[in-house]
Amino acid sequence: MSKFNKTQLVEIFTELGNQLSDPGEELSSIINTERQYNAWFTAENVKEAVIAIGKMLNREDLTMWLNNYTREGNNEPKKVGLILAGNIPLVGFHDVLCVLVSGNIALIKTSSNDSRLIKSILQMLVNIEPTFGNSYEFVERLENFDAVIATGSNNTSRYFDYYFGKVPNIIRKNRNSVALLTGNETAEQLYKLGHDIFDYFGLGCRNVSKLLVPKGYNFNFLFESIEVYQPIIHHNKYNNNYGYNKSIYLVGGEQHLDNGFLLVKENPSLSSPLAVIFYEYYEDINQAQEMLKQQSDNIQCIVSAAPLVVSNQLVDFGLSQQPALWDYADNVDTLQFLLTV
């Protein structure tokens, strides 16, 4: 796969995972100052993202993940352009990881919203294994690449298709995540759902922005179970979005529910504004599964305890923002793509 064998890769990245799981002084300093560069990147959110990656890079999962792959064809390293998103901290790390373990070279164009963290973590990797210093480069402009992985919006994806269509590519568009509730959830499950909704202020594609609920669903129990997340309203930018959307609904006379820090509104769309979650009723589980199937190309993951048969990633409550190594964005196997470039 790379100049290292699988056992060596497991050891190297397990060590990186150990260091991320317990951030040292230098990384902690960056964690605590990111908010100066991006108001959404609070110390709490950045630390959560760092530790989630540390947890992902564990020996057992790394071994299981890498053992599923073999490199095909020419072992000459290819230059892979990466256009990283910046909506939540370190959201592009998995793409960088895949390029490095595949033995290719990453040309990394970071988002201005999230450029310091990834540089710091890759320096930690080089400190563990200096050879990786030759396996990546940060660039302002992508040039001389053999393949591209680009993450952006539905609008930018059209430009990506135009510019990168002539080389092997993975181009990602907007996706959202959905929770399917049956009405039988416990307070603990709904509390965990709060993580899926509010972690990173709801800015990630793995954050739940839409609820599917049975006809006649009573939201009171949900509101009681997520009350603990009320302090989110004290974040200035989140509060501004909450206030703006609330005023729009009030002025327009649009029906909605409001618990003081989250607006809940019936709407068929998957993508809700910040501080708002949309919901839609279903008659029975079969109908709900059909609704999910019709939207599968726009869904990142589905949060539910119901025994669903779906093509999207199905995760338990509270785990949408803790993907495993094999939980690929858009269900496209990034590592397999890179091994066959």
| request: Please find, in a Gaussian network model of the chain (springs between Cα atoms separated by less than 10 Å), the residue of Phe13, Phe198, Phe219 whose mean-square fluctuation is greatest. | output: Phe219
| said: For region 6-173, what does the relative contact order come out to in percent, with C-alpha contacts under 8 Å and a separation of six or more? | reply: 22
| Lys, Arg +1 and Asp, Glu -1 on Cβ, resulting dipole of region 1-142 about Cα centre, debye, nearest 20 | 380
| said: Could you tell me how far the Cα centroid of region 37-95 sits from the Cα centroid of region 178-235, in Å? | reply: 26
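Working from the alpha-carbon coordinates of region 115-264, get Rg over Rh, Rh being the Kirkwood radius.
Details: Rg = 21.2 Å, Rh = 19.4 Å.
With Rg and the Kirkwood Rh in hand, the quotient comes to 1.09.
About the Cα centre, and with charges only on the beta carbon of Lys, Arg (+1) and Asp, Glu (-1), how big is the dipole of region 1-60? Nearest 20 debye, please. List each step's numbers first, then the result.
Working: 6 positive and 9 negative charges, 55 e Å.
That gives a dipole near 260 debye.
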| message | Need the list of aspartates and glutamates near Lys215 for cross-linking: C-alpha distance under 13 angstrom, and skip anything on the same chain fewer than eight residues off. | response | Glu266, Glu280, Glu283, Asp284
| What is the helix-to-structure angle for 236-251, meaning the angle in degrees between its Cα long axis and the longest Cα principal axis of the chain, kept from 0 to 90 and rounded to the nearest 10? | 40
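Applying 1/(1 + (r/R0)^6) with R0 = 41 Å to the Cβ-Cβ distance of Phe138 and Phe223, what FRET efficiency is obtained, to the nearest 0.05?
Details: r = 44 Å, r/R0 = 1.08.
Efficiency at R0 = 41 Å is approximately 0.40.
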| region 182-341, Cα convex hull volume normalised per residue, Å³ | 131
| request: Among the GluC sites (Glu not before Pro) in region 212-295, which ones are in a DSSP loop with at most 13 other Cβ atoms within 10 Å of the Cβ? Mind listing them? | output: Glu254, Glu283
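Among His195, His234, which comes first, second and so on when ranked by fewest other beta-carbon atoms within 10 Å? Display every interim value, and only then the final one.
Values: His195 21, His234 9.
Ordered by Cβ neighbours within 10 Å, fewest first: His234, His195.
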| request: Using a cut-off of 14 Å between beta-carbons, work out the net charge of the residues near Ala187 (Lys and Arg +1, Asp and Glu -1, Ala187 not included). | output: -3
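Order of 96-105, 297-306 by packing, highest average Cβ count within 10 Å first? Please list the in-between numbers first.
On the way: 96-105: 23.3, 297-306: 20.6.
The packing order, highest mean first, is 96-105, 297-306.
Within 13 Å, Cβ to Cβ, of Val50, how many net charges do the neighbouring residues add up to if Lys/Arg are +1 and Asp/Glu are -1?
On the way: positive: Lys47, Lys55, Arg116; negative: Asp22, Glu26, Glu34, Glu44, Glu48, Asp114.
Around Val50, the surrounding residues sum to -3.
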| request: Can you tell me the relative contact order of region 224-341? Whole percent, Cα pairs under 8 Å, sequence separation 6 or more. | output: 14
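Counting Lys and Arg as +1 and Asp and Glu as -1, what is the net charge of the other residues whose Cβ lies under 9 Å from the Cβ of Ser102? Don't skip to the answer; put the middle values down first.
On the way: positive: Arg71, Lys78; negative: none.
That sum, taken over residues with Cβ under 9 Å, equals +2.
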| Percentage relative contact order, region 143-223, counting C-alpha pairs under 8 Å, at least six apart | 28
| query | In the P(r) worked out for the chain, what percent of Cα pairs fall beyond 30 Å? | reply | 39
| List the lysines whose alpha-carbon lies under 17 Å from that of Lys55, not counting same-chain residues fewer than 8 positions away? | Lys47
| message | Need the list of lysines near Lys79 for cross-linking: C-alpha distance under 28 angstrom, and skip anything on the same chain fewer than eight residues off. | response | Lys3, Lys6, Lys109, Lys119, Lys166, Lys173
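Here, each number is a calculation from the coordinates, and none is a lab measurement. A quick note: this is a predicted structure, and the numbers were derived from the prediction, not measured. In this analysis, Cβ positions are derived from the backbone assuming ideal geometry, glycine residues included, and neighbour counts consider all displayed protein chains.
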